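J.: Sharing a structure, written as C-alpha cells. Questions coming.
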Protein chains: 2
Amino acid sequence: MSAQLDLDEERTLSDKASSRLTQAIVTGELAQGQKLSEADLATRFGISRGPLREAIRQLEGMRLVTRVPHAGARVVMLDKPMLADLYRVREALEGMACRMAAQAMSQEEIDTLFVLLNRHEEAINAADGLAYFQSEGDFDFHFHIALGSRNQMLIDLLVGELYQLLRMCRYRTSHLAKRTRPALQQHRQIAEAIAERDGDLAELLMRRHISGAWKSISQIMETNP
Amino acid sequence: MSAQLDLDEERTLSDKASSRLTQAIVTGELAQGQKLSEADLATRFGISRGPLREAIRQLEGMRLVTRVPHAGARVVMLDKPMLADLYRVREALEGMACRMAAQAMSQEEIDTLFVLLNRHEEAINAADGLAYFQSEGDFDFHFHIALGSRNQMLIDLLVGELYQLLRMCRYRTSHLAKRTRPALQQHRQIAEAIAERDGDLAELLMRRHISGAWKSISQIMETNP
DNA sequence: TTGCTCCGGATTGTTGACAATCAGTGCAGC
DNA sequence: GCTGCACTGATTGTCAACAATCCGGAGCAA
C-alpha cells in the first residue's frame, strides 16, 4: 500500500537495486546481520557491481546497512539499544510532525485521517488475528501525519529512514504486539487534537503514544529473545 | 576543531572524496546550486569516476547534494523554506538530545560544558568582531550536548547531517548574526538545567533557544537577499 | 598445545572503456 | 516566422578486468 511504485523502468539500475535491497531487508529476506556479498547480489539482480555498490552506499545513508571498508556491508542489527535510540528519535520527530500537522493540515486531510481511523477499527473488529494489516493501518496513520507537517526534511527523515527501520522491526515482532486497541484510542485523541488545531496537545499526545509503544515493546523484548 | 581527522590515508578513495566534497560544499568553495561534474571533480581529485560517484551518493544521503538521474548532482540550495524545515527538525532533535543529556551526561562532561561557556565568553569579550570563532564556539556547545545524549542515532543525525547544513548556512550569513550575547546567556541556562538534571527544562530551553535563533535569522533574511 | 608467520583464496576497491541518455543547435518544411 | 526533427556534443550510467586488501588455515617452532 505505502510501497513506492517500482515500475520495471523506474530509473537507473542503482535505484532499482536500492529498492530491491530495501525491500529484501525490510521483509527479512535478508536477515539482520547478514553479510551482503557484492558479487552474489550483483548476479542475483543481473547487474554489475558498480551500480550495486552505489545502492549499498545509499542504503548505508538510510541506516539499513553498516559498511566497514575492505570488509563489506552487513544488514543492520536492530538490537535493543538501537531500537531504544530509534524510538527516542522517532518520539522527537513525530512529535514535531504532529505539532506542525495540527497547524498545516487541510480540513480535507484531517477528514481523511478520521476515515483511516474508522477503517482501521473495522479491520481490528473483523480479523482480530491479522496483526500485519493492523500494523499497516498504524503506519498509514503516522504516514499521513508526517505528510501533513509540510516539512519536506521531516518527511524524508521519517518516511525515508525511520519507517523503514520500524517496518523491519515489525517483521520480527509483529506477532507479539497486542496493543492495537489502546493504540487506536490514542490515535483518535491525536486526530482530535489536530482537528482542533491544538499543536501543543497533538505533540504531547504523539510523544506519549510513541513513548508508550516503546515501553510496551521493550517489556516484551525482556521475556522474548 | 570539530573537523574529523582526515589523515591522508583515511581509508578508501570514496571516503576521501566524500570528506573533500563535504568540506568544499560547507565552506562554499562549491557554491549552492552549482552543478557537480563527475569528470571535472574526478580529475581535480585525481581519482576515477567510480569512487566519486559513490561519494556523491553518500553526500546525497547527507542532504548536501540533490541528484536527478541522467542530469547529474547539484549542491543543495539552502533557500528560506528549506532552512525553515531544517530549524524545525533541529529544534525537535536537539531538544530531545538535551533532555537525554540531562540524564546521561557524566559530571565531568557537565564541567567541560561550563569550561566551554567560559572560553566562549572570553572569545566574545576579546575579539568582538570575529563572528567566525563565535560560531565555532556555538557549535562546540551544541556538539557536546549531542554527544552527551548517548543516543548514537541522534548523534549521527545531528553531527553527520544537520550540523553540516548549518555550517554551510553560516558561511553565508555569519557576518550578519549579532546574537552572540543573548545566545551565550541561553547556553548558560541550558547548561544549568542539565547540571540540575532537569530534562524537562533543558529540552524546553533548548527548543526555545533554537526557535529564537530561527526567528532572528528569518528576520535578517527578510531584509538581506 | 600454543603462538607465530606465511601463503592462498576470496572479497572489496579502482580503473578505463563502452553504451545510453539528455540538452542545445541548425536545418528543412509548412 | 514558426514548428518539428535529426544531429551533435557532452554528460551520465554501466560494465568487465585489474589491483589492493583482508581472512583463514597450513606449517613450524617454542
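The values are calculated or read from the model by the stated rules, or taken from the named source; none is laboratory data. This one's a predicted model, so the numbers in the text were calculated from it and none came from an experiment. FYI the Cβ positions are ideal-geometry reconstructions off the backbone, even for glycines, and counts take in every protein chain you see.
J.: Under 8 Å between Cβ atoms, which residue pairs at least 6 apart in sequence (or on different chains) link something in segment A:34-58 that is over 25 Å from B:V65 (Cβ atoms) with a partner that is more than 10 Å from DNA strand D (Cβ to nearest atom)?
T.: A:Q34/A:R74; A:Q34/A:V75; A:K35/A:A73; A:K35/A:R74; A:L41/A:L21; A:F45/A:R20
J.: Would it be correct to say that A:L93 is touching a residue at least 24 places away in the same chain (Cβ under 8 Å), surrounded by 20 or more Cβ atoms within 10 Å (Cβ to Cβ), over 15 Å from the mean Cα position of the chain (by Cα) and at negative phi?
T.: no
J.: Within the bounds of segment A:159-182, is there any residue that is surrounded by fewer than 19 Cβ atoms within 10 Å (Cβ to Cβ), under 17 Å from A:L86 (Cα atoms) and of a type in the set (A, V, I, L, M, F, W, C)?
T.: Taking every residue of segment A:159-182 in turn, at least one turns out to be surrounded by fewer than 19 Cβ atoms within 10 Å (Cβ to Cβ), under 17 Å from A:L86 (Cα atoms) and of a type in the set (A, V, I, L, M, F, W, C).
J.: Are any residues in segment B:72-102 touching a helix residue (DSSP H, G or I) at 6+ places or on another chain (Cβ under 7 Å) and away from every other protein chain (no Cβ under 11 Å), and if so, which ones?
T.: B:A73, B:V75, B:L78, B:K80, B:A101, B:A102, listed by residue number.
J.: Further question on the same structure: Which of (1) within 16 Å of DNA strand C (Cβ to nearest atom); (2) modelled with pLDDT of 95 or more does B:L7 not meet, given it meets every other one?
T.: Of everything listed in (1) within 16 Å of DNA strand C (Cβ to nearest atom); (2) modelled with pLDDT of 95 or more, B:L7 misses just condition (2).
J.: Same structure, new question: Can you name the residue in segment B:10-24 that is within 12 Å of B:Q58 (Cβ to Cβ) and of a type in the set (A, V, I, L, M, F, W, C) and, of all such residues, is farthest from DNA strand C (Cβ to nearest atom)?
T.: Here the residue is B:L21.
J.: Based on what the data block shows, is B:V68 closer than 28 Å to A:R11 by Cα and at pLDDT below 95?
T.: On the way: closer than 28 Å to A:R11 by Cα: yes; at pLDDT below 95: yes.
Criteria met by B:V68.
J.: Moving on to the next point. What are the residues in segment B:13-63 that are of a type outside the set (D, E, K, R), away from DNA strand D (no atom under 11 Å from the Cβ), within 11 Å of chain A (Cβ to nearest Cβ) and more than 19 Å from A:R11 (Cβ to Cβ), if any?
T.: The answer is B:S14, B:S18, B:A55, B:M62.
J.: Same structure again: Could you list, in sequence order, the residues of segment A:67-87 that are within 16 Å of DNA strand D (Cβ to nearest atom), surrounded by 14 or more Cβ atoms within 10 Å (Cβ to Cβ) and of a type outside the set (G, A, S)?
T.: A:R67, A:R74
J.: A follow-up question, please. What number of residues within segment A:59-73 are more than 16 Å from A:Q164 (Cα to Cα) and touching a residue at least 24 places away in the same chain (Cβ under 8 Å)?
T.: 2
J.: Please go through (1) closer than 27 Å to B:A213 by Cβ; (2) at pLDDT below 95 for B:E109 and return the number of the only condition it doesn't satisfy.
T.: For B:E109, the exception is condition (2).
J.: Next up: Would a scan of segment B:51-68 turn up a residue that is at positive phi and within 9 Å of DNA strand C (Cβ to nearest atom)? Write out each step before concluding.
T.: Initially, segment B:51-68 is screened for residues at positive phi, giving B:63.
In the following step, the residues that additionally are within 9 Å of DNA strand C (Cβ to nearest atom) were identified as none.
For segment B:51-68, residues at positive phi and within 9 Å of DNA strand C (Cβ to nearest atom): absent.
J.: Within segment A:137-153, can one find any residue that is of a type in the set (A, V, I, L, M), in contact (Cβ under 8 Å) with a residue 60 or more places away in the chain, within 16 Å of DNA strand C (Cβ to nearest atom) and in contact with a helix residue (DSSP H, G or I) (Cβ under 8 Å, 6 or more places away or on another chain)?
T.: No, the conditions are met nowhere in segment A:137-153.
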